[in-house]
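One structure below.
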Amino acid sequence: MSEILYDDAHIAFLEDIWGEGFLSPGGPEEVARVLEGLDLTGRHVLDIGCGSGAITVALARDYGAGRVTGIDVEGPVCAAARRRVEEAGLGDRVEIRQVAPGPLPFGPGSFDVVFSKDSIIHIPDKDFLGAEVFRVLRPGGWFAASDWLISHDGPPSEAMQHYIAQEDLDFAMASPRAYRASLEGAGFTEIGLTDRNPWYAEVSRQELDWLTGPERPRLDREHGAGFIAQQEATWRALVGVLESGEHCPHHIRARKPA
């Protein structure tokens with residue numbers, strides 16, 4: 001069995017810094033930006049990498065999706081997401097499924113919208129990802145996602161290699177060019193990529209200030225001093241590659257032709 005990357009300790013810390021139920025930055029506001037202009041009312045939505053479930057719940061509760069299927073590969077986050085769905089009273093509209101890496105376990109044309117928030121970084125083969133998303137979308141359906149990208153093709157810089165090693169989360173970062181090529185190759189049209197580096201470069205500095213400021217005694221107490229020291233080292237590396245522009249989070253939007 002593969003190593004669990006997002007265990008209960010990591011879930012607790014990431015929710016502390018990013019908000020309850022969120023395992024990536026930006027909270028509900030960033031989700032709204034990813035979905036801007038899309039009407040989910042009554043739609044069937046697939047949430048790839050649902051994490052601990054806050055977004056999956058919001059897709060049904062706040063955006064009016066008729067059905068939401070959240071998938072993830074790790075048991076702890078799926079268990080947390082199922083608890084969140086139950087607490088929200090949305091078990092009739094939201095399903096959480098733990099899946100194995102590989103082909104999406106759904107038939108062709110199963111979903112109106114495929115959504116993902118900063119999780120497809122863990123999928124190395126972006127061509128395969130694009131083809132699978134295209135396959136499970138209905139004609140006219142949308143892929144709306146955010147992800148963490150690297151600004152160029154080829155080997156990462158030493159600073160980026162150091163950051164990826166600090167994260168130790170099996171990151172498989174691809175460039176905007178590679179993402180566009182994968183989506184085009186799958187058959188998508190109306191492809192748009194929006195660079196969010198300026199936003200997260202600023203936010204990450206605020207997060208580092210939070211990690212090293214007045215909250216530090218509480219963080220050490222609640223999460224363990226050694227664990228928090230490791231997170232500080234990770235955030236210092238993160239800020240560096242964001243400020244250089246090599247780390248460039250993006251919003252990704254594409255449509256399957258009707």
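All C-alpha to C-alpha distances of the chain, sorted into 5 Å bins beginning at zero, yield P(r) values of 1, 6, 13, 18, 19, 18, 13, 7, 3, 1, 0 percent in whole numbers. On the beta carbon distance between Asp209 and Arg61, with R0 = 22 Å, the FRET formula returns roughly 0.10. With a simple spin-label model that places each label point 7 Å from the Cα along the Cα-to-Cβ direction, the separation between Glu243 and Ala178 comes to 2.6 nm.
Note on Ala233 and Ser157: with the Förster distance fixed at 22 Å, the Cβ-Cβ geometry gives a FRET efficiency of about 0.80. Remark: the range 84-94, residue by residue, has Karplus-estimated 3J(HN,Hα) of 5, 4, 5, 5, 7, x, 10, x, 7, 10, 10 Hz, where x stands for each Gly or Pro and the curve is 6.51 cos²θ - 1.76 cosθ + 1.60 at θ = phi - 60°.
Out of every Cα pair in the range 45-130, what percent are spaced more than 18 Å from each other? It works out to 37 percent of all Cα pairs.
The order of the peptides 60-71, 99-110 by mean Cβ neighbours within 10 Å, most packed first, is 60-71, 99-110.
Across Gly75, Gly19, Gly226, mean-square fluctuation computed from a Gaussian network of the chain (C-alpha pairs under 10 Å connected) peaks at Gly226. If you average the C-alpha positions of the range 241-258 and of the range 191-208 separately, how far apart do those two centres end up, in angstrom? Here the two parts' Cα centres lie 10 Å apart.
Just the C-alpha atoms of the range 1-74: what Rg/Rh do they give, with Rh taken as the Kirkwood radius? The partial results should precede the final answer.
On the way: Rg = 13.1 Å, Rh = 13.1 Å.
In the range 1-74, Rg relative to Rh is 1.00.
Among beta bridges from DSSP that stay inside the chain, the antiparallel ones total about 40%. A Gaussian network model of the chain, with springs between Cα atoms under 10 Å, assigns the largest mean-square fluctuation among Phe22, Phe128, Phe115 to Phe128.
The numbers here are math on the coordinates, done by the rules we state, and not lab data. Given the structure is predicted, the values throughout are model-derived calculations rather than measurements. Please note: Cβ atoms are built from the backbone with ideal geometry, for glycine as well, and neighbour counts cover all protein chains shown.
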